Amino acid sequence: MADDAVKATIATWRGEIEGMKKAGARFVVLAAVDHLDDIEVIYLFHHEGALKEVKLMVPYEADIPSITDLFPSAGFVEREMVDLFGAKVPGAAPFLELTEGSGIVAPLRKKRPGAAAAAAPAPAPAPAPKQGVS
Amino acid sequence: MARTTVVPLGPQHPVLVEPIHLRFEVEEEVVVGLTPQIGYNHRGIEKLMENDWKKNNFLSERVCGICSHQHSTAYTQAVERVMGIEPPERALLIRTILMELQRIHSHLLIIGLEADAIGYENLLMQCWRDREIVMRIVELISGNRVHYSMNQVGGVRRDIDDAKVKEIESALAKFDERFADLDAIMRKDPTWVKRLKGIGVLTRQQAWDLGAVGPVARASGVDYDVRSTRAHPFCAYHMLKSFKPVVREDGDTWSRMMCRMEELWVTQKMIRECLGLLKPGPITVEVRGHPNGQAWSRVEASRGELVYFVKGSGKPALDRVKIRTPTFANIPPLVPMLMGCQVADIPPIVTAIDPCICCTDR
């Protein structure tokens, strides 16, 4: 469990991440969590033996700015978030080769983009009338 | 001005057993650019884990065949933290013994593969022969050689009785001589030293900035070992006096391998200490309900820090499981290691990070 957690908004978030950098923290990983219309991004840092979280909740349509200018090690995991959640991280290209030709889009989202139309079941054919045997 | 040539290595290549694509740009024989690409082996394990939390113990082991117990321990520990469960001391010691046995066979495996990468096949055979000692111990303990299925939320599934303790101690004694031989070869053998010293250097700052973990970070002077953390103790490491992180300063390929060699000695001592600390007692506690909340869990796997994030909402199925494997963290540092190196040095430098693409892609 993290020792400290900060809930940030998109306005305060950058300041929190820069604060971690200034403090000499180490970026460990980020975990994205699906909340149907919103995505929660939990950044985990390690600093002086303690684990610190910075949490950001934004709608899927919003951009999540990259933190690779401050923590280059975040690059891979940001790109994975694009692949698995369809998050918008400017400058981060998908790289898991999941989507090309497979029809898989954002597999870790509970409510997938465009899934409603695709998933609508085709009407079942009317059962054939029973034929009596005479 | 030399012409730049692109040399693709992988995703299918005889040198790389697992699928990763490394796109090299070379000028004559010197690497001037590298773009790593992963994802060819993605199995959707995080998605599969949005399932019955009790079954995920077994699934987490399938993330990797080399560090299977370490994955399972990280997952189990995350669920235990969410549910507020304290496993018994004996279970923690048994988990630690298996964590460290797995470290021995993983390090012997990669030292052997590194020997193979530089054409030292005899040493590969020797390492893998010695690795067999561990494989037999884990089979004795768990009945399995790869996926032990030892962990369960609240403890472990099998005990280690006194007869097994004696057999483990006797098997560990064989390593006194074997490790001494291997240590001497790795320090003095001209084939090993000349091929590995001074190549693939990663500075301390690069290791820190790029988030290197495990022996890759520690060989560059970054003293980062989850086993030494006192703020978030895991397994029984907080009880052990014999543990001391191995940190080296040079940051080259030879140092990364020596870091693992020196860890073998430490690990052997730790297993002996754990065996001595085993006291009669339960190996599980009762578990009720379903995980409701979220938690992080970190363990020091053989390749470095392994992180699990688990989120549940009081139902049998979990909402989210996130896995950050050590190789996932160690691929970005490969770029500065390989820049400026000779093409012939690419295989030993890549092998020295102990890459596990199976883990990385999940």
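The numbers here are math on the coordinates, done by the rules we state, and not lab data. All values derive from a computational prediction rather than experimental measurement. Note that each Cβ is placed from the backbone with ideal geometry, even for glycine, and that neighbours are counted across all protein chains shown.
A few notes on this one:
- Lone qualifier among B:L123, B:L109 - being under 17 Å from B:C259 (Cβ atoms), surrounded by fewer than 24 Cβ atoms within 10 Å (Cβ to Cβ) and in contact (Cβ under 8 Å) with a residue 40 or more places away in the chain: B:L109
- Among the residues listed as B:D181, B:D116, B:D176, B:D159, the single one being in a helix (DSSP H, G or I), among the acidic types (D, E) and surrounded by 15 or more Cβ atoms within 10 Å (Cβ to Cβ): B:D116
- Candidates in region B:145-156 are the residues that are of a type outside the set (G, A, S) and more than 20 Å from B:T267 (Cβ to Cβ); of these, the one that is surrounded by the most Cβ atoms within 10 Å (Cβ to Cβ) is B:V153.
- Residue within region B:265-277 that is touching a residue at least 40 places away in the same chain (Cβ under 8 Å) and among the small types (G, A, S) present: no
- Considering region B:1-55, the residues that are under 25 Å from the mean Cα position of the chain (by Cα) and among the acidic types (D, E) include one that is nearest to B:C356 (Cα to Cα), namely B:E18.
- Per-region count, region B:293-315, residues out of contact with any Pro (no Cβ under 7 Å at 6 or more places or on another chain) and within 14 Å of chain A (Cβ to nearest Cβ): 14
- Residue list for region B:219-236, restricted to those being of a type in the set (G, A, S), more than 11 Å from chain A (Cβ to nearest Cβ) and within 17 Å of the chain's Cα centre (by Cα): B:A219
- All positions within region B:281-301 that are without any contact (Cβ under 8 Å) to a residue 40 or more places away in the chain and of a type outside the set (K, R): none
- Residue that is surrounded by fewer than 19 Cβ atoms within 10 Å (Cβ to Cβ) and within 10 Å of another protein chain (Cβ to nearest Cβ), where the choices are A:P65, A:P72, A:P90: A:P72
- Selection from region B:184-200 of residues that are assigned to a loop (DSSP other than H, G, I, E, B) and either touching a Leu at 6+ places or on another chain (Cβ under 6 Å) or crowded, with 18+ Cβ neighbours inside 10 Å (or both): B:I199, B:G200
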